[in-house]
Structures are given as structure tokens and as C-alpha cells.
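Heads up: the structure comes next, in C-alpha cells.
The values are calculated or read from the model by the stated rules, or taken from the named source; none is laboratory data. These figures come from a predicted structure and were not determined experimentally. Here the Cβ is made from the backbone with ideal geometry for all residues, glycine too, and neighbour counts use every protein chain on show. Areas reflect the complete protein model, heavy atoms only, side chains present, ligands, DNA and RNA absent. Shrake-Rupley method; radii C 1.70, N 1.55, O 1.52, S 1.80 Å.
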Amino acid sequence: MASVHESLYFNPMMTNGVVHANVFGIKDWVTPYKIAVLVLLNEMGRTGEGAVSLLERRRLNQLLLPLLQGPDITLSKLYKLIEESCPQLANSVQIRIKLMAEGELKDMEQFFDDLSDSFSGTEPEVHKTSVVGLFLRHMILAYSKLSFSQVFKLYTALQQYFQSGEKKAVEDADMELTSREEGERKMEKEELDVSVREEEVSCSGPLSQKQAEFFLSQQASLLKNDETKALTPASLQKELNNLLKFNPDFAEAHYLSYLNNLRVQDVFSSTHSLLHYFDRLILTGAESKSNGEEGYGRSLRYAALNLAALHCRFGHYQQAELALQEAIRIAQESNDHVCLQHCLSWLYVLGQKRSDSYVLLEHSVKKAVHFGLPRAFAGKTANKLMDALKDSDLLHWKHSLSELIDISIAQKTAIWRLYGRSTMALQQAQMLLSMNSLESVNGGVQQNNTESFAVALCHLAELHAEQGCFAAASEVLKHLKERFPPNSQHAQLWMLCDQKIQFDRAMNDGKFHLADSLVTGITALNSMEGVYRKAVVLQAQNQMTEAHKLLQKLLTHCQKMKNTEMVISVLLSVAELYWRSSSPTIALPVLLQALALSKEYRLQYLASETVLNLAFAQLILGIPEQALSLLHMAIEPVLADGAILDKGRAMFLVAKCQVASAASYEPPKKAEALEAAIENLNEAKNYFAKVDCKERIRDVVYFQARLYHTLGKTQERNRCAMLFRQLHQELPSHGVPLINHL
């Protein structure tokens, strides 16, 4: 499949060392490898049913299809494959090939003459229309068209093919005899495997049309579904270059080259291959013959659209916009609404840096509804949004569109997380991971390495980390790294997820310098998220002025981009900054703005978190009774679906409000209220311990020590005081009063 030795193989489309442009004008040609496969088929027909067991025959039948469709392999490799299925038949094939190669030319001619007998008789061994029958007929026809000189070259190639196989068998035997120790045997086996692969590359001939199509479809499927099992970028490109050497106008090979170059982020080569693909597609005239001029125009507009998507992926937005304008112009001339809808979606992606991007999105949604594509606007309730997705799912399941089913489930996972329903999000993620794909891929590969699979696993890792299950989250991330290597196209998803989990753990542990070092990596993967995390670190380090400037810039940008979720998060951080600066009254309008946005877009969890912040602001302002009533309204969603850290913060706040409210109580009622507050503090401490948040544990034990002192419980007070002292020495305070920290 790589370099072809003209002296070794006869190519019907090669004359005087020059390969004709259309090397696939003939479906198949005879090679020594295919003669060996023909010998295998002949021996299978001659062997009686009793000589080969049913299990061995089943293995042989399973082996035949990859042998017929795949590229040529070495004789030693072929022997090994046959021997794994049926050792007895492998010996017979080896003897037949040896007799033919060490005999005379007439032995090979007689062999091809005898092949026609497979179709004779009332009950022929092979049916003419079967896969094996078609292969036999193609080989007989190709052999009959050869001249005598070409037959002689083929026989010489068969002899060399046999001799190289015998030489490799002798080398294998010598290696087995000389290898004694286990470590040496492993090392020699690795060297043997490498040499076999090199020999396959150097001795394989040009691919026939069927072999080339099978190879391209297999590699394209692997790149889409399981990139780790595809050839490495360098190996695949080498094979494609050799394939294009024999047929430069093979459009599908150019497209696979484009996909392969995208894996390594090679903008020049990927653009080059994409343009060649559409050039060859137009030059072949395949579409124009079937669809008239429409086929020609369709190639042009989708070529421009793909080029725009390519430039957008590499961040070349100006070039992408020019290509997109060209695609829109051609699509409008052809009245292609589907292509225009794709263009409109990409126009929104390109316009995300402009203030009118949301208008483009609304226009896109209206057009999608007009053409029968159900979509939903932001702010719809969960039941309406799920109903819209249900209509799409019915079509997906009806037509067994497995990839769209996976995407839909991944979208539901993200939507439930956006609404703050972690249990439902976890259920959807588990459903996607446990669901077998409806579309099996060559080689038994299932569709489990797609983007939707990566998204679901990332959500799963974050959900486990939120619940303090960091070991389980690490296992999920480890699995992600194996499934999606760093050079794969979806690796950035788990990279960002990993960086965010590490950042949260560092912040919980009070290691702000470590969290600050992680900001750079997060910013490289998601600039908006990186700026927000940088502001959080600055705020934790008590650098209020710098944090406020950064948050204000980010807030303006997020409002312009209509990123509602990030706007609410930034507003909550700004409010926290105000009350940590002893300005709780300024924080109230900010929190009310965040609450209004949360209610408008039905973001229940963010709304509950905003109510917690409002209650804390009321506590600071000296109205704990109203704060406690607010908490009773908002604490249920937090305890049901919230992260462990948020549960601890909520219970800590309840205890603070209980203590502040008990100041005006009678002594017996006050003691009862303080005991209830201590129980809530114990629960909060358990939550904080699960995520190893030492700074908040320090605040809790400080508060408990004060309460035990008020109740006169000296032993419990001393125990909490000692624990506070240990944590305070490990995590020194930054000058912020402990009571002013939610």
C-alpha cells in the first residue's frame, strides 16, 4: 500500500513505468497475495465438511471478508491468520503455494484453469453472485487479459513473494530458538512486530479500487468514532500520499487527507487537501452528470462553506467570513435553503464577537422552525424545552440516527446542569454511556469516541468532583485521556474540565498560588472562564481593586455576548467583593439584578445561590429573621441538587442566622437555638471535610468554640479551639473578618 516495486508487481494501468491517471479504471488485478487467497479459497472448497470443524469453518468465513477487501499483506502474516483459524488448512495452503512457486509457469496456468470448475455442476462450490464468486470471476478475468510477458512477470513476483515469506519463517524460528529469558523474548517479539509491519509496507502493491475504498471508509470511520484505533497521522498520510501517487484525482483520498491534517492542526495542508477534494469532485463530473448544472453549483457552495468552517476552526475569522459570503451568494443563486441555514449558523458563530450575534441566533432559530427543525429559545421552562427535544428524538429513533441520538442526550445532560438539576444530568450522562450505539463500525468499534461521549464524560467528572468524589472524578478523567489523546480533536474538552477541577480543589485547600498558576491553562482553553477564575483568585488574595476592575470588564463583555450564566456568576462575585469590603448595601441591587436574570431564564440553581447571598447580606445588615425566612425558601434545591461546598455554605449560613436571631430570646430558648446551630455547624463541617475545604472548616470550628463557650461546655470549646489553632497556623487569615465570609 506504500511504495510499489514495478519489477515485483504488474499493474495493468502501468506502461513503461508511467501510471495512467485513472488507475481505478479496472476493478481488480492479480497480485501474488491474491493468488495466495485464491489458493485458500480453493482449499476450502476441496476440504470436506468432516475434515474441518464447524467452529473452524466459521472462523475462516469471518476471516475471508477482510482478506478480500483489505490491502495485500505478507505471506507469513497470511499463514499466521489462517493458522489461528484452522491449522490444518494453513498447512495445506502452504504446501500448495510452495509447489506452485517452486514448480513451473504451467502450474500457475493450470491453477487458474481449474478455478473455473468452482462454478460448474448442478451444485457448484461457489455461487457466481456471492462475494467469493465475484472475487474469483474478477481474478479469472484479470488473469485472462494478461499477455505472456505479463504472466511471466506475475509468476516471478509470486516466486519472490514466496521466498520472502520462507525467509521470514526461518528468521522467526531462529528467534524462538535463541530467546531464552522472558525479558529477551518480549523484546525480540517487539522487534519482530516492527519488522513485519515494515515488510508489509515495503512489499505491498498498489491498491485496487475496492481495496482503496475499503481502506478510506475504514479510516474515515475510525477518525470519526474511535481516533485511537486509526493509523497515526504520519502513517495515514504516508499511505494516502502513495495512494494519490497512483491516482491524483481520487477525491475521497484528498478529503481523508484533509481530516488527517486537522488532527495535527496543520492549517496549510488541511486547506490544500480540502481545495483539492472539491477541485477533483468537480473535475470528475460525477455530480454534474447526475444532477445537471445543480451538481456543479452544489459542490462550489459547499466547498466555500467547508472552507469557512476550516478557517473558523483555526481562528482565521476574516478569511472565514469571506468564504462564508461566497457560500451565501452561491446558495442564494441556487435557492438552497438548507445550505443557507448552515451558513446562517456559521454566521452566528463568526459574529459572537459582535453585539448583533444574538439577533443572528434568533433569525437562525426562526428559519429553523420555518423549515421544520424544532428549536427553543433561552428562558423557556424545562418541560417546554424537553418537549421540543422530544420531537427531534422521535425522528432520530425512527430513522436510527444514532449519532444524533447521542448528541441529543448530551444536550439534555448540559441543559439539566444549566437548570441546576444534577440528579437528572447524572441520569442522562449515565444513559448515554450505557447505551450501545445503533450503528456498528468496521472492526467492532462502537460510537463511543464522539464529541457527545466526551461531553457526557466531562459532565460526569465535574458532577463527581462537586460531590467530593475526587477519586472517581480522577478515574473518569483518566479514561478520557485514554479515549481522547492530547492530539485528538476533542481533547480540549477534558483538558478544560481537568483544569477547572484542579482549580477548585486548590481554592478549597487555600493554595491560591497553585490556583493562580492554573489560570493560564484555563485561559488558553476558554478565555472567558480564565478571566473569571483570575478574578476569583485575586479576590481570595484580598486584592479587591484588581479583582473589581477585572470583574467589571468581564461583566460588560458577557452582557454584550448574551452569556447569561456567566453574567449571573460575575454579579455574585461582585456582590461578594462589596460585602467583603464592608459595603453590603451596595451589594443588594447587584444581587437583585442577578436574581431577576436567574428567574427570567429559569436557572433554578443560580437563583437559589443568589437567594443565599441575599440572606447573607441581610444578616450583615442586622435583620437575621428575614434572612432565615429567605433561607427556608432557597435551601431545599441546594440540599437536593447542589454541590457539597454549596450545601456546607448553606448550613453554615443557617447556623449564623440562628445565632443572630437568638440574641433576643429568653435564656432557655436561646440555649435551645444555640444547640440547633451547633448541629447545623457539625453538618456544615462534614460537608466541607468532603471537599477538603480547610479554610471554611477553620471558620466553622471558630464559631463552634464561641458557641460552646456561651453554653459553658469547656471541654468541647477547648477541642474546637485547638483545632482552630492548628488550621489557623496552616492557613493564616488575610485580614477579612470571619463572619463576613459566606
Residue, farthest from VAL590 (Cα to Cα), within the stretch 553-566, restricted to residues that are in a helix (DSSP H, G or I) and under 28 Å from the mean Cα position of the chain (by Cα): MET561
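Give me a count of the residues in the stretch 515-554 that are without any contact (Cβ under 8 Å) to a residue 12 or more places away in the chain and open to solvent by 60 Å² or more (accessible area, probe 1.4 Å).
Narrowing the stretch 515-554 to residues without any contact (Cβ under 8 Å) to a residue 12 or more places away in the chain: 517, 520, 523-524, 527, 530, 543, 545-546, 549.
Remaining after also requiring open to solvent by 60 Å² or more (accessible area, probe 1.4 Å): 517, 520, 524, 527, 543, 545-546, 549.
Counting residues in the stretch 515-554 that are without any contact (Cβ under 8 Å) to a residue 12 or more places away in the chain and open to solvent by 60 Å² or more (accessible area, probe 1.4 Å) gives 8.
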Subset of the stretch 560-570 [among the polar types (S, T, N, Q) and modelled with pLDDT under 90]: ASN563, THR564
So LEU707, is it without any contact (Cβ under 8 Å) to a residue 40 or more places away in the chain and either in a helix (DSSP H, G or I) or in contact with a helix residue (DSSP H, G or I) (Cβ under 9 Å, 6 or more places away or on another chain) (or both): no
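Assess whether SER257 counts as being buried (at least 17 other Cβ atoms within 10 Å of the Cβ), small (Gly, Ala, Ser), under 30 Å from ALA157 (Cβ atoms) and at pLDDT 80 or above.
On the way: buried (at least 17 other Cβ atoms within 10 Å of the Cβ): yes; small (Gly, Ala, Ser): yes; under 30 Å from ALA157 (Cβ atoms): yes; at pLDDT 80 or above: yes.
Here the answer is yes, as SER257 does meet what is asked.
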Number of positions in the stretch 592-623 that are under 16 Å from TRP579 (Cα atoms), touching a residue at least 24 places away in the same chain (Cβ under 8 Å) and open to solvent by less than 30 Å² (accessible area, probe 1.4 Å): 9
Residue match in the stretch 640-656 (condition: over 30 Å from LEU603 (Cα atoms), modelled with pLDDT of 90 or more and assigned to a helix (DSSP H, G or I)): no
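Determine which member of the set LEU115, LEU177, LEU141, LEU146 is modelled with pLDDT of 85 or more and either in a helix (DSSP H, G or I) or open to solvent by 40 Å² or more (accessible area, probe 1.4 Å) (or both). Give the derivation first.
Working: LEU115 fails: modelled with pLDDT of 85 or more; LEU177 fails: modelled with pLDDT of 85 or more; LEU146 fails: either in a helix (DSSP H, G or I) or open to solvent by 40 Å² or more (accessible area, probe 1.4 Å) (or both).
Going through LEU115, LEU177, LEU141, LEU146 in turn, the sole match is LEU141.
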Failed item in (1) in contact with a helix residue (DSSP H, G or I) (Cβ under 7 Å, 6 or more places away or on another chain); (2) closer than 19 Å to LEU631 by Cβ; (3) at pLDDT 90 or above; (4) not acidic (Asp, Glu), with SER573 passing the rest: (2)
Subset tally (residues that are under 30 Å from ASP266 (Cβ atoms) and hydroxyl-bearing (Ser, Thr, Tyr)) for the stretch 468-524: 3
Lone unmet requirement of (1) touching a Lys or Arg at 6+ places or on another chain (Cβ under 8 Å); (2) in contact (Cβ under 8 Å) with a residue 60 or more places away in the chain for ARG505: (1)
Neighbours by Cβ (under 6 Å, 6+ apart or cross-chain): first from the stretch 566-582, basic (Lys, Arg); second assigned to a helix (DSSP H, G or I) and buried (at least 23 other Cβ atoms within 10 Å of the Cβ): none
Tabulated pairs, the stretch 223-245, first under 24 Å from SER208 (Cβ atoms), second crowded, with 18+ Cβ neighbours inside 10 Å and aromatic (Phe, Trp, Tyr), C-beta under 8 angstrom, 6+ apart or interchain: GLU239/PHE215; LEU243/PHE215; LEU243/PHE250; LEU244/PHE250
Residues located in the stretch 383-426, provided they are of a type outside the set (S, T, N, Q), out of contact with any helix residue (DSSP H, G or I) (no Cβ under 8 Å at 6 or more places or on another chain) and free of Cβ contacts under 8 Å to residues at least 12 places away in the same chain: LYS384, ASP387, LYS390, LEU394, LEU395, LYS398, HIS399
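Looking only at the stretch 624-668, filter to residues that are touching a residue at least 40 places away in the same chain (Cβ under 8 Å) and more than 24 Å from ARG706 (Cβ to Cβ); which one of those is most open to solvent (accessible area, probe 1.4 Å)? Step through it out loud before you land on a result.
Restricting attention to the stretch 624-668, the residues satisfying the condition of being touching a residue at least 40 places away in the same chain (Cβ under 8 Å) are 637, 640-645, 647-649, 652-653, 655-657, 659-660.
With more than 24 Å from ARG706 (Cβ to Cβ) added as a condition, the list becomes 637, 640-644.
Working: PRO637: 28, ALA640: 63, ASP641: 27, GLY642: 0, ALA643: 16, ILE644: 6 Å².
Among those residues, the one meeting the criterion is ALA640.
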